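A quick write-up on the structure given underneath.
Readers should treat all values here as calculations from the given coordinates under stated rules, not as data from a laboratory. Given the structure is predicted, the values throughout are model-derived calculations rather than measurements. When we count neighbours, we look across all protein chains shown, and the Cβ atoms used for this are built from the backbone with ideal geometry, even at glycine.
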Amino acid sequence: MLRLVRSSWLTMGLAAAALAAALPAAALGIPAPYAPVVIEPIGLPAKAEFDLTAVLERARRDRKQLYVYLGADDCPYCRRYEGFLAANAAELVPHFHKKYIVVDLRSSLSFVAGLVHIRVGASSLPYADFQRSIGDSRARLLVYPSVWLFDAKLKPLMQMPAGAGTFETVPEQLEILNLVQ
């Protein structure tokens, strides 16, 4: 009997693992109700470049700001934040849609800071140089998840926290969206 129970648990565990592996990549990242603009990296393996040019043009045209999310497909803290967004979509989505174009930069924990580049037009900057170019003078490593709020000219709207445990309640997320400092 014990052997049958163990076998059943093993079979269910394998089935769950197979199901998780079969889930589409779209299940990762910012949930669909937020209508994210997904930007996949180009230039691999030499660099993981994320081109913001088109989304900045759209932000100017639509008179919106950008909520740029850098998450990693293998980051448990990213999954937790994305789960929070999914669980609270009914309350949060209207606030996101009112002011922001949500941008989802799809990364991986294997992408070290020197590999990640941000492109705007003809300019492509490594992550650290990009951070400095937007006035973030903090000595920062590449941290997942990261969020930046920009206007349509890529001017930062506020200094953002990054990493695990940031803005994980609806009131905290609304403070971020409403630029409460």
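Mind giving me the nanometre distance, one decimal, between the label points for Met158 and Arg61, set 7 Å out from Cα along Cα→Cβ?
The answer from the label model is 2.9 nm.
Among the trypsin sites (Lys or Arg not before Pro) in the stretch 53-102, which ones are in a DSSP loop with at most 14 other Cβ atoms within 10 Å of the Cβ? Mind listing them? Please list the in-between numbers first.
Working: sites: Arg58, Arg60, Arg61, Arg63, Lys64, Arg79, Arg80, Lys98, Lys99; in loops: Arg63, Lys64.
Answer by residue number: Arg63.
Can I get the semi-axes of the stretch 25-177's equivalent ellipsoid? Compute them from the C-alpha gyration tensor as square roots of 5 times the eigenvalues, in angstrom, largest first. Walk me through the numbers before you get to the answer.
Details: eigenvalues 96, 65, 46 Å².
Working through the eigenvalues yields semi-axes of 22, 18, 15 Å.
At a threshold of 8 angstrom on Cα-Cα distance, excluding pairs fewer than six apart, so keeping six or more, what relative contact order does the stretch 25-177 reach in percent? All intermediate terms of the calculation are to be shown ahead of the outcome.
On the way: 264 pairs, mean separation 47.5, N = 153.
Relative contact order for the stretch 25-177 comes out at 31 percent.
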